[in-house]
Amino acid sequence: MEDSQSVATLIGSTASKIQQLQKAFAELESQRALTLNLRWKELEEHFSGLEKSLKRRFHELEDQEKEFETKTRKAREMLQKREAAVVAKEQSSLVRLQEKRDAAVFSITNALEKHRKLSSGQPADNGDNGELSVEEKQPEDIKSSFENGNLEVKSYPQLVKLCEEMDSEGLQKFISDNRKNLPALKEEIPWALKAAASPARLVLESLEGFYPSEVDGKKDANLLGLRRTCIMLMECLSVLLSNLDMVSVLALISEDIKEQAKLIAEEWKPKLDALDMDASNGNSLEAHAFLQLIDTFGIASGFNEEELSRLIPMVSRRRQAADLCRSLGLSEKMPGVIEVLVKNGRQIDAVNLAFAFELTEQFSPVPLLKSYLKEARKASSPVKPGNASPTAQTEVSERELTALKAVIKCIEEHNLEEQYPVDPLQKRVLLLEKAKADKKRATEVAKPQPKRPRANGAGYGPRVTNVAADKTFYPRVTDRYMQYVYDRPYVYPGPADNHSHSLLASATFNFSPSHGNYFGNGYQYQTPYLH
């Protein structure tokens, strides 16, 4: 910095040096008869040019120095964040390792004590503290592991009864009948599961109908509801397990339970190959249930991480996608997943996951959103606008409109207004909606109207020639048709073409840039269902 200031001072003194040189030339000219004006002008232009060149180069060097300092500062900040993330991950790993170690020591100690007493002929009293070993601890004793031991099932006490009876079908039907109050149900189901003799087995039994042998169109809505209920029950079991200590978790999720869960997962795995990626639209219940099953019952070690990561694009719009990836240990795979989404036109899903995993420096959100909108507009441009049918033009405008609304929603959710102003996008939305409303009104006006019956109701009577008095009987066309502006909820643009690909058999991802509502604000059960 001191060198820069000294260089700037020297450059600033060039003007005074030039003035001194000019005075010297003036004195030399006064001593000689020959004039030196022509030579002095050449010298003055030469020095002025050198001064400007030096100043310009100096300013360029200053700008480069500032840019370098900015990049260095950002690199240091990013390095500090990564170091903090690594430290936090190490701490969490150490905590989990310590918990497993304590549980193993506790189990070994109890087993040795029991073996010693049995060998000496003493009755096994299961320790001085009255606790059972991991192998002997019963689900009834797990209730005391909660911070509050009382069952907090206030709104739906019947849940407790169904769980006590291990009635998986009745539990499914009860949830279906009360689907309008799912948030309240989801809060109470974990507490109700505590009353079951084996909560994990009850949840596994509820999965039996997830893939029925025969499915017809009439039962399709019921199947969707049943699958959502299965996912919710597995999530509720995860909530129950998260509130228990390690010993109680090992008692609930025994090796026998894990084996049953593995058998179900192995049975489901081949069926994922037949999934239609375009139809799933990032919201596949089948892929979500498979990942939730593996996570809830802790059997991820039996499956390949690459195969699991290939399922993430199938659930990228589900609210639970980010948490599932973290719980399954797939966080390191997320850059590859986001790249797949970007390459296949799923930029909005990519932006959501980039924010969830703090990868916005690697995947800048604004360029991704602009790219998505550009592709949507490109796809919305007909080859021959003059020859496009009215239906095709309507579809083109609809695709662009839904794409604009999706981008605006993403910008608002992630507070990107300063980087990507939404005013021009909203103006374009208003323009397209106005054109849509005008076209709707024009279509309504152009529809032929049925003939009005004659007033006397006697069929075809004599033609009345003087109708001057009746001219006001029929209202004007604009009065007869009320002008409505239809404002329907939007989704992401639908797929341009449909392809079905094998999900687990291939390492490549090919699915269309189709987007539906992103489940980022809450667990949504959109399709009504009955059992």
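The values are calculated or read from the model by the stated rules, or taken from the named source; none is laboratory data. Just so you know, these numbers come straight off a predicted model, no measurement behind them. Please note: Cβ atoms are built from the backbone with ideal geometry, for glycine as well, and neighbour counts cover all protein chains shown. Heavy atoms of the whole protein, side chains included, go into the accessibility calculation; ligands, DNA and RNA do not. Shrake-Rupley method; radii C 1.70, N 1.55, O 1.52, S 1.80 Å.
Before moving on, here are some points about what is shown:
- Solvent-accessible surface ranking, highest first, for Glu444, Glu67 at 1.4 angstrom: Glu67, Glu444
- Only one residue of Met334, Leu275, Ala261 has its Cα farthest out toward the positive end of the dipole of region 254-339, where Lys and Arg carry +1 and Asp and Glu -1 on Cβ, and that residue is Met334.
- Counting only Cβ charges, +1 for Lys and Arg and -1 for Asp and Glu, the dipole size of region 254-339 around its Cα centre is about 320 debye.
- With all protein chains in place and ligands, DNA and RNA left out, the 1.4 Å accessible area ranks Lys439, Lys41 as Lys41, Lys439, largest first.
- Ranking His115, His288, His414 by solvent-accessible area of protein heavy atoms (1.4 Å probe, all protein chains present), from largest to smallest, gives His115, His414, His288.
- When Rg and Dmax are taken over the Cα atoms of region 154-253, they come to 13.7, 46 Å.
- q = 0.21, 0.22 Å⁻¹: log10 I(q)/I(0) that the Debye formula gives for region 254-339, counting C-alpha atoms only: -1.00, -1.09
- Checked against a 20 Å cut-off, the cross-linked pairs Lys370/Lys427; Lys17/Lys55; Lys161/Lys194; Lys405/Lys427; Lys186/Lys333; Lys333/Lys378 give Cα-Cα distances beyond that limit for Lys186/Lys333; Lys333/Lys378.
- Remark: relative contact order (region 154-253) = 33 percent; criterion is Cα-Cα distance under 8 angstrom and separation of 6 or more residues.
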